[in-house]
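Enquirer: Structure provided below as structure tokens; questions to follow.
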Amino acid sequence: MKSQDYLNLSMKFKNSPLEPIAIHRLRDEFVAGDDNAYSTLYELYAKDLYAFGLSLRAKTELIEDAIHDIFVDIYTHRKNLEKIDNLKYYFLAAFRNRLFFLLKKESNTSEITETHTAGLVERDFQESWIEMEEDSEKQLLVKSLLSELNANQREALYHRFVEEMSCEEIATLMNINYQSAKNLIHRSIKKLKSVAAFTLLLLLLFILC
């Protein structure tokens with residue numbers, strides 16, 4: 001199966017991701033020098049990277065620059081992909097690191113300010129969750145619940161339940177240790193449950209009174 005066939009299969013079953021063996025074959029074709037495989041990898045991952053960049057409320061120019069930079073680097077150092085099993089995580093981590101580097105460079109500081117970081121809201125996580133609920137009242141409730149989480153908590157839940165990453169992957173991606181990642185996810189879920197319980201109690205009291 002050629003690289004374009006993988007892309008056609010992915011587009012035909014866009015809600016069913018390619019099997020790991022198909023991704024690995026595509027990776028191997030690229031490493032071996034197949035530029036068509038490189039183009040297919042770009043088509044498979046660039047859109048998700050762009051969406052993730054938008055969820056961080058980064059400027060579109062910076063998002064495009066970050067995507068361009070990592071794909072140039074990957075093309076130049078294609079041999080580095082040879083032993084990478086989880087390509088999606090690899091691309092996401094590379095993109096996140098490059099985007100944050102460009103954000104730091106733009107701000108002309110050694111690190112992103114706390115105010116800037118607080119603005120990196122995970123809209124995609126909220127939208128993905130909210131889309132599961134068709135009722136407008138439930139949508140408002142979900143928005144209200146997610147607004148109680150800070151940026152790190154939303155990002156951790158996004159990676160865990162939307163991207164379906166392991167705690168190890170989340171820890172590496174967010175530059176925290178494994179236990180901190182587990183604690184962050186646990187506390188985030190616990191907070192959501194407590195806020196949800198309180199909100200539902202208020203709604204019940206409102207209905208009964």
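Enquirer: What full-extension length gain, to one decimal in nm, is calculated for Arg57 and Asp69 as 0.36 nm per residue of separation minus the Cα-Cα distance? Could the numbers behind the result be given before it?
Expert: On the way: separation 12, 0.36 × 12 = 4.32 nm, distance 1.89 nm.
Gain on stretching Arg57 to Asp69: 2.4 nm.
Enquirer: Shifting gears a bit: Can you tell me which of 157-169, 87-99, 65-77 comes out highest on packing, and rank the rest after it, using the mean Cβ neighbours within 10 Å?
Expert: 87-99, 157-169, 65-77
Read-outs throughout are calculated quantities, based only on the coordinates presented, and are distinct from any laboratory measurement. This structure is a prediction, so every number in the text was calculated from the model and none was measured. In this analysis, Cβ positions are derived from the backbone assuming ideal geometry, glycine residues included, and neighbour counts consider all displayed protein chains.
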